[in-house]
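Chemist: Before I ask anything, here is the structure I am working with.
The values are calculated or read from the model by the stated rules, or taken from the named source; none is laboratory data. Keep in mind the model is a prediction, meaning the values are calculated, not measured. Here the Cβ positions follow ideal geometry from the backbone for every residue, glycine too, while neighbour counts run over all protein chains shown.
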Amino acid sequence: MSLLTVSGSPHVYSKESVSKIMYGVILSLVPAMLVSFYFFGLSAILLTLTAVVSCMAFEFIIQKYLIKGPMTVFDGSAIITGILLAFNVPSSLPLWMIVIGSAVAIGMGKMTFGGLGKNPFNPALVGRVFLLISFPVDMTTWPKPTEFSTNLVDVVSGPTPLAVIKEGVAAGRPVSELMAEVPEYVQMLFGNMGGSIGEISALALLIGGIYMLIRKIITWHIPVAYLGSVMIFGGILWFVNPEVYIDPVFHLITGGMMLGALYMATDMVTSPMSYKGMIIFGIGCGILTMVIRVFGAYPEGVSFAILIMNAFVPLINTYVKPKRFGEVVKNG
Amino acid sequence: MKTFTIGGVHPPENKLSKDAAIVALEIPKSVSIPISQHLGVPAVPIVEKGAKVKTGQLIAKGEAFISANIHSSVSGTVSKIDEVIDTSGYKRKAVIIDVEGDEWEAEIDRTADLKKECNLTPEEIIKKVNEKGIVGMGGATFPSHVKLIVPKGKKAEVLIINGVECEPYLTSDHRVMLERAEEMLVGISIQMKALGVEKAIIGIENNKPDAIEHVKKIAANYKGITVEALKVKYPQGGEKQLIKALINREVPSGKLPIEVGAVVHNVGTALAVYEAVQKNKPLIERVVTVTGVNVAKPSNFMVRIGTPVSALLEAAGGVPENTGKVVNGGPMMGKALNNLEAPVTKGTSGILLFPQVASSRKPLHNCIRCGKCITVCCMGLEPYFLAVLAEKNKVEDCESNRIMDCIECGSCLYICPSGRPLLDNMRVGKSKVGQLMRSRASN
């Protein structure tokens, strides 16, 4: 027998690990990825691959030559950032742009703060917003989904359903008339509409979300609070005037709502730690998203809403504490 | 099915030795009996080198209120009173006795007859429990007589008997409930009498259906004693968690169970109380589980206090070649041993062996702020945050974030995907807050 190890208790450890969580998230993204490949074809595959490879490359370079810390490229988090960044751009985006987006996401969004776990903002969203502000035209040109497309050029583009409604209402047309110009809800649920690569199919994203719930990678608190507050806020507006404000279900299945609520807002690193905090965070995201969508300049507000709420996370963590044992003395 | 509500984990149970009946371990050639085997002030030795002692003879007296008497577990000659490395890894004073035969004190009733009747008054029961050096057998080793004295102004309503054994691997309580249930129940009735309560609840996790059934059957003959099956969840054996699970009351922060009218004793303690009160037998032996995935014969031994751990390992088929860690207690709260000659004490519920491959922690990563440590914390604390506060020496902040509520169950470190040393840092924080509180009290 060799020397005995002496360490503090406990002496058994769960099988949880950082990479298991990260690869679990990647696995849960597969359905949405397949839908995007189906509707946007080769260009979606190329963009996703480029984003993943460049995110990993930038993390490798920064970790090796600037931070000189332990290698974290293969823990899976850079892969997630890559996939989510690609999911948040139109399929017609030039590849060099997504390389820049990856550099910003990993460099500015993550490694500047010290790598995984230290970043206050969701890295993929930092990359996405950087691209949106820098290349507004390329970032808002939405190719129409075509089944099994291998086209890289000459794609037909058109506005997203959200933009159709936003611009139409702004031009004074009633919602009932505009509804003819957007796809049917069932079509949108499966992803047959214009939009960013990975956000189109609410259904595929929901399947992934349920998988993450079962694997206990996420909890229900943020998605339910987020989607619930969108439903309620949207519902009130719709109730007030259905000709100006579209119904809340439309808000749920269009744009980046599902992708945001299930993947972006639930990012462990940039969301609150306690259940109560998560619910506050989710409600904040929901309200901000609706404010931007309905009253703001952009048709879509998910990215900004989540980034803004990310900034509130330290505050939420400081003031919202979990329920302590023995705090409320119940006798009976 | 009942359980506690905040936090908790479910580590693999691995109760390898649950079917191994309790076997009396051979008396070793020499025992080292530490004078501090309990929480509180160490006992004072009253024997000298060369003294002849009998089994069960008082050898060190617990003079303070929170202290416990120590009795010789063997008969023989005191060879010396010296410091030995005990299970804590520190050198502590112990009485070392060379064994000669096994001659017991005359007043101890060694027959197996069940003695149900107890005509002593509560004061006499408490005095006897005190005299016989009974301490909590669940591991914390708090002197039992202190817990039987209800403080002025408080009222005990219910006695809770802890048969949860939520620690994986350990089976000593399980075997006691299966093999010594009748005596244990008499012990419980005696404790009820001492406390002046009409009701006792025995909590047992439902991974021990045989024990639940057996104890239930016998308890039917005892007035006021019921058995409650509990859902398996660690750390249900924690005093506060068990009270919450059984009677749905929360002991307030920093207070004792008596605050909500409850007193908690372990099943092993109930048995020891029976033996002390009815049979005049002091606490000189206890059931110890010896187990581990590579242990040849996972066993439950009845061991004389002071027996070296190595003798137990020998009897369980020897130490496997690849052993990397030996733990005194269960895998969640037990202490790793640095010395296999350390003596078994009143608080030793198990000796657990881990192979080399399972002896080290997970690789360390950055905290990914997943919040799992908060989810599993049975006291509703924020381990990630407390660990950082402790690391940064923010002692006041540790205190205001209720670090002293931590019961060190280890669930946070168990679950952490990044292998953060959460509990280690919190222990440092707790000791610093403790210092701060003491300095405040002395000013």
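Chemist: Working only within region B:428-443, note down all residues that are basic (Lys, Arg) and either crowded, with 22+ Cβ neighbours inside 10 Å or at pLDDT below 95 (or both). Outline the logic, then answer.
Modeler: Here is the first cut: in region B:428-443, the residues basic (Lys, Arg) are B:430, B:432, B:438, B:440.
Of everything in region B:428-443, those that are basic (Lys, Arg) and either crowded, with 22+ Cβ neighbours inside 10 Å or at pLDDT below 95 (or both) turn out to be B:Arg438, B:Arg440.
Chemist: Report yes if some residue within region A:38-55 is modelled with pLDDT of 95 or more and under 29 Å from B:Leu422 (Cα atoms); otherwise report no.
Modeler: No, region A:38-55 contains no residue that is modelled with pLDDT of 95 or more and under 29 Å from B:Leu422 (Cα atoms).
Chemist: If you take the residues of region B:202-213 that are closer than 19 Å to B:Lys240 by Cβ and among the hydrophobic types (A, V, I, L, M, F, W, C), which of them is surrounded by the fewest Cβ atoms within 10 Å (Cβ to Cβ)? Break it down stepwise before answering.
Modeler: Initially, region B:202-213 is screened for residues closer than 19 Å to B:Lys240 by Cβ, giving B:202-205.
Applying the additional criterion that residues be among the hydrophobic types (A, V, I, L, M, F, W, C) yields B:202, B:204.
Values: B:Ile202: 28, B:Ile204: 26.
Filtering first and then ranking leaves B:Ile204.
Per-residue answers, yes or no, for (1) surrounded by 19 or more Cβ atoms within 10 Å (Cβ to Cβ); (2) modelled with pLDDT of 95 or more:
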{"residue": "B:Asn119", "(1), (2)": "no, no"}
{"residue": "B:Pro122", "(1), (2)": "no, no"}
{"residue": "B:Gly136", "(1), (2)": "yes, no"}
{"residue": "B:Val150", "(1), (2)": "no, no"}
{"residue": "B:Ala200", "(1), (2)": "yes, yes"}
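Chemist: Considering B:Lys255, B:Lys281, which residue is surrounded by fewer than 24 Cβ atoms within 10 Å (Cβ to Cβ), of a type in the set (D, E, K, R) and away from chain A (no Cβ under 14 Å)? If you could, list the steps in order and put the result at the bottom.
Modeler: Details: B:Lys255 fails: away from chain A (no Cβ under 14 Å).
Result: B:Lys281 is the single residue among B:Lys255, B:Lys281 that is surrounded by fewer than 24 Cβ atoms within 10 Å (Cβ to Cβ), of a type in the set (D, E, K, R) and away from chain A (no Cβ under 14 Å).
Chemist: Do we find a residue being under 21 Å from the mean Cα position of the chain (by Cα) and within 12 Å of chain B (Cβ to nearest Cβ) anywhere in region A:29-37?
Modeler: Initial filter on region A:29-37 (under 21 Å from the mean Cα position of the chain (by Cα)): A:29-37.
Remaining after also requiring within 12 Å of chain B (Cβ to nearest Cβ): none.
No, region A:29-37 contains no residue that is under 21 Å from the mean Cα position of the chain (by Cα) and within 12 Å of chain B (Cβ to nearest Cβ).
Chemist: What number of residues within region B:406-428 are touching a Leu at 6+ places or on another chain (Cβ under 8 Å), outside any loop (DSSP other than H, G, I, E, B) and at the interface with chain A (Cβ under 8 Å from one of its Cβ atoms)?
Modeler: Pass one, region B:406-428, residues touching a Leu at 6+ places or on another chain (Cβ under 8 Å): B:406, B:408, B:410, B:412-413, B:416, B:418-426.
Going one step further and asking which of them are outside any loop (DSSP other than H, G, I, E, B), we end up with B:412-413, B:422-426.
Now restrict to residues that are at the interface with chain A (Cβ under 8 Å from one of its Cβ atoms): B:413, B:423-424.
Residues that pass the stated criteria total 3.
Chemist: OK, next. Which one of B:Ile126, B:Ile161, B:Ile108 is in a helix (DSSP H, G or I), farther than 19 Å from B:Ser36 by Cα and in contact (Cβ under 8 Å) with a residue 40 or more places away in the chain? Reasoning before the result, please.
Modeler: Numbers: B:Ile161 fails: in a helix (DSSP H, G or I); B:Ile108 fails: in a helix (DSSP H, G or I).
That would be B:Ile126, the only listed residue that is in a helix (DSSP H, G or I), farther than 19 Å from B:Ser36 by Cα and in contact (Cβ under 8 Å) with a residue 40 or more places away in the chain.
Chemist: I'm told B:Lys362 meets every condition in (1) of a type in the set (D, E, K, R); (2) closer than 24 Å to B:Lys29 by Cα; (3) at the interface with chain A (Cβ under 7 Å from one of its Cβ atoms) except one. Can you identify the failing condition by its number?
Modeler: Of everything listed in (1) of a type in the set (D, E, K, R); (2) closer than 24 Å to B:Lys29 by Cα; (3) at the interface with chain A (Cβ under 7 Å from one of its Cβ atoms), B:Lys362 misses just condition (2).
Chemist: Which residue out of A:Ser229, A:Ser201 is hydroxyl-bearing (Ser, Thr, Tyr) and touching a Phe, Trp or Tyr at 6+ places or on another chain (Cβ under 7 Å)? Give the derivation first.
Modeler: On the way: A:Ser229 fails: touching a Phe, Trp or Tyr at 6+ places or on another chain (Cβ under 7 Å).
The match here is A:Ser201.
Chemist: Which of the numbered conditions does A:Ser7 fail, given that it passes all the others? Conditions: (1) surrounded by fewer than 16 Cβ atoms within 10 Å (Cβ to Cβ); (2) away from chain B (no Cβ under 14 Å); (3) not aliphatic (A, V, I, L, M).
Modeler: For A:Ser7, the failing item is (2).
Chemist: Which one is farthest from B:Ser411 (Cα to Cα) among residues in region B:211-248 that are within 12 Å of chain A (Cβ to nearest Cβ) and part of a loop (DSSP other than H, G, I, E, B)?
Modeler: B:Asn248
Chemist: Do we have any residue at all in region A:77-88 that's more than 12 Å from every other protein chain (Cβ to nearest Cβ), touching a residue at least 40 places away in the same chain (Cβ under 8 Å) and surrounded by fewer than 22 Cβ atoms within 10 Å (Cβ to Cβ)?
Modeler: The answer is no; no qualifying residue exists.
Chemist: On to the next question. Among the candidates B:Ala296, B:Ala316, B:Ala276, single out the residue that is more than 29 Å from A:Val12 (Cβ to Cβ) and of a type in the set (Gly, Ala, Ser). Step through it out loud before you land on a result.
Modeler: On the way: B:Ala296 fails: more than 29 Å from A:Val12 (Cβ to Cβ); B:Ala316 fails: more than 29 Å from A:Val12 (Cβ to Cβ).
Among B:Ala296, B:Ala316, B:Ala276, only B:Ala276 is more than 29 Å from A:Val12 (Cβ to Cβ) and of a type in the set (Gly, Ala, Ser).
Chemist: In this structure, is B:Ala43 in contact with a strand residue (DSSP E or B) (Cβ under 9 Å, 6 or more places away or on another chain), more than 14 Å from every other protein chain (Cβ to nearest Cβ) and either modelled with pLDDT under 95 or buried (at least 18 other Cβ atoms within 10 Å of the Cβ) (or both)?
Modeler: Judged against the criteria, B:Ala43 is a match.
Chemist: A further question on this structure: If you go through region B:337-357 one residue at a time, how many are surrounded by fewer than 21 Cβ atoms within 10 Å (Cβ to Cβ) and either at the interface with chain A (Cβ under 7 Å from one of its Cβ atoms) or free of Cβ contacts under 8 Å to residues at least 40 places away in the same chain (or both)?
Modeler: Looking only at that region, the number is 4.
Chemist: Taking the stated definitions as given, is B:Val23 more than 26 Å from B:Phe142 (Cβ to Cβ), part of a strand (DSSP E or B), touching a residue at least 24 places away in the same chain (Cβ under 8 Å) and away from every other protein chain (no Cβ under 14 Å)?
Modeler: yes
Chemist: Here's another thing I want to ask about it. Quick one: A:Gly69 ticks every box in (1) of a type outside the set (A, V, I, L, M, F, W, C); (2) away from chain B (no Cβ under 14 Å); (3) surrounded by fewer than 20 Cβ atoms within 10 Å (Cβ to Cβ) bar one, so which box is it?
Modeler: Failing condition for A:Gly69: (2).
Chemist: Let me ask something additional. List pairs: first in region B:369-389 and of a type in the set (Ser, Thr, Tyr), second outside any helix (DSSP H, G or I), Cβ under 6 Å, 6+ apart or cross-chain?
Modeler: That search, which allows pairs on different chains as well, returns B:Tyr384/B:Cys367.
Chemist: Here's something else I'd like to know. Which residue is modelled with the lowest pLDDT, if the candidates are limited to region A:192-221 and must be in contact with a Ser or Thr (Cβ under 6 Å, 6 or more places away or on another chain), of a type in the set (A, V, I, L, M, F, W, C) and not in a helix (DSSP H, G or I)?
Modeler: Our first condition is that a residue be in contact with a Ser or Thr (Cβ under 6 Å, 6 or more places away or on another chain); within region A:192-221, this holds for A:194-195, A:197-198, A:208, A:211-212, A:218.
Okay, now just the ones that are also of a type in the set (A, V, I, L, M, F, W, C), so A:197, A:212, A:218.
After this cut, where a residue has to be not in a helix (DSSP H, G or I) as well, the list is A:197, A:218.
Numbers: A:Ile197: 90, A:Ile218: 93.
Within region A:192-221, the match that is modelled with the lowest pLDDT is A:Ile197.
Chemist: Being more than 26 Å from the chain's Cα centre (by Cα) and among the aliphatic types (A, V, I, L, M) is the filter; apply it to region B:49-65 and report the residue that is nearest to B:Leu283 (Cα to Cα).
Modeler: The initial filter retains those residues of region B:49-65 that are more than 26 Å from the chain's Cα centre (by Cα), namely B:49-54.
Keeping just the survivors that are among the aliphatic types (A, V, I, L, M) gives B:51, B:53.
On the way: B:Ala51: 21, B:Val53: 16 Å.
The selected residue is B:Val53.
Chemist: Kindly establish whether A:Ser303 is among the hydroxyl-bearing types (Ser, Thr, Tyr), assigned by TED's automatic domain parsing to the domain that holds A:Gly234 and assigned to a helix (DSSP H, G or I).
Modeler: Working: among the hydroxyl-bearing types (Ser, Thr, Tyr): yes; assigned by TED's automatic domain parsing to the domain that holds A:Gly234: yes; assigned to a helix (DSSP H, G or I): yes.
Criteria met by A:Ser303.
Chemist: Can we say B:Val251 is under 25 Å from B:Cys373 (Cβ atoms), aliphatic (A, V, I, L, M) and not in a helix (DSSP H, G or I)?
Modeler: Numbers: under 25 Å from B:Cys373 (Cβ atoms): yes; aliphatic (A, V, I, L, M): yes; not in a helix (DSSP H, G or I): yes.
It is true that B:Val251 is under 25 Å from B:Cys373 (Cβ atoms), aliphatic (A, V, I, L, M) and not in a helix (DSSP H, G or I).
Chemist: Limited to region B:157-198, what total is found for residues that are crowded, with 24+ Cβ neighbours inside 10 Å, among the small types (Gly, Ala, Ser) and more than 28 Å from B:His10 (Cβ to Cβ)?
Modeler: So the count comes out to 2.
Chemist: If I go through region B:390-405 residue by residue, how many of them are part of a helix (DSSP H, G or I) and either within 7 Å of chain A (Cβ to nearest Cβ) or touching a residue at least 60 places away in the same chain (Cβ under 8 Å) (or both)?
Modeler: So in region B:390-405, the residues part of a helix (DSSP H, G or I) come out as B:390-391, B:395-400, B:403-405.
Going one step further and asking which of them are either within 7 Å of chain A (Cβ to nearest Cβ) or touching a residue at least 60 places away in the same chain (Cβ under 8 Å) (or both), we end up with B:404-405.
So the answer is 2.
Chemist: Which one of these is touching a strand residue (DSSP E or B) at 6+ places or on another chain (Cβ under 9 Å), in a strand (DSSP E or B) and surrounded by fewer than 21 Cβ atoms within 10 Å (Cβ to Cβ): B:Gly317, B:Gly324? If you could, list the steps in order and put the result at the bottom.
Modeler: On the way: B:Gly317 fails: in a strand (DSSP E or B).
Every option except B:Gly324 fails the conditions.
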